[in-house]
Each structure stands twice: as C-alpha cells, then as structure tokens.
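Asks: Below is one structure. I have some questions about it.
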Amino acid sequence: LALDHPPDPAGPTLAERAQHLFKELIEAWRGPVTPDTGLLTVLAQGALTLADHAGSAHQDLQSHMPLTPDYLKRLPHT
C-alpha cells in the first residue's frame, strides 16, 4: 500500500492510505529495535526535523549531498 502513485478511485483515499501506513509504522516502532534499525530511525528523524525547520523558515532544502559519496556504503546495514 504505497503512497507514491495516484490512488485507485475505487480504493482507499490518500488520507486512509496514509493512516494505514502510519499505524504500521507505530506498530513497528513499539518493539525493541536492532542497532541498524535504530540508526536508520535517527537518520530519518534528523531528515524530517531538517525538512520541518527549513519549511518553517521558508528556506529551500539542500539540493546536494554534503556527505562523501561512500557514506551509505559505510553504514552498518545493507
């Protein structure tokens, strides 16, 4: 149930699909997390916080990657 394509007119609305995905996310985060999952969560939270702050300040998000090209390869997950 992805949000990256237009909804099927006969199916759930975008709001219903978003609510469903949010419930799945909450369930996934209720249990203990592995170090890899914890790292990804912290990175995602940082990205969301950055986007929120930039939006509140009416600033564009960075359009370049400030990290080295091999950064993702060095993370402890596949």
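Asks: For segment 35-50, indicate whether the set of residues that are among the hydroxyl-bearing types (S, T, Y) and at pLDDT below 85 is non-empty.
Replies: Yes, there is a match, as at least one residue in segment 35-50 is among the hydroxyl-bearing types (S, T, Y) and at pLDDT below 85.
Asks: If we keep just the residues of segment 25-34 that are surrounded by 10 or more Cβ atoms within 10 Å (Cβ to Cβ) and not aliphatic (A, V, I, L, M), which is modelled with the lowest pLDDT?
Replies: So the residue we want is W29.
Asks: Oh, and also: Applying the selection to segment 47-78, what residues are open to solvent by 100 Å² or more (accessible area, probe 1.4 Å) and polar (S, T, N, Q)?
Replies: Passing the criteria: Q59, Q62, S63, T78.
The values are calculated or read from the model by the stated rules, or taken from the named source; none is laboratory data. What you see is a predicted model; the values in this text were computed from it and never measured. So basically every Cβ, Gly included, is an ideal-geometry build from the backbone, and we count neighbours across all protein chains shown. The area values use the complete protein model at the heavy-atom level, side chains included, leaving out ligands, DNA and RNA. Shrake-Rupley method; radii C 1.70, N 1.55, O 1.52, S 1.80 Å.
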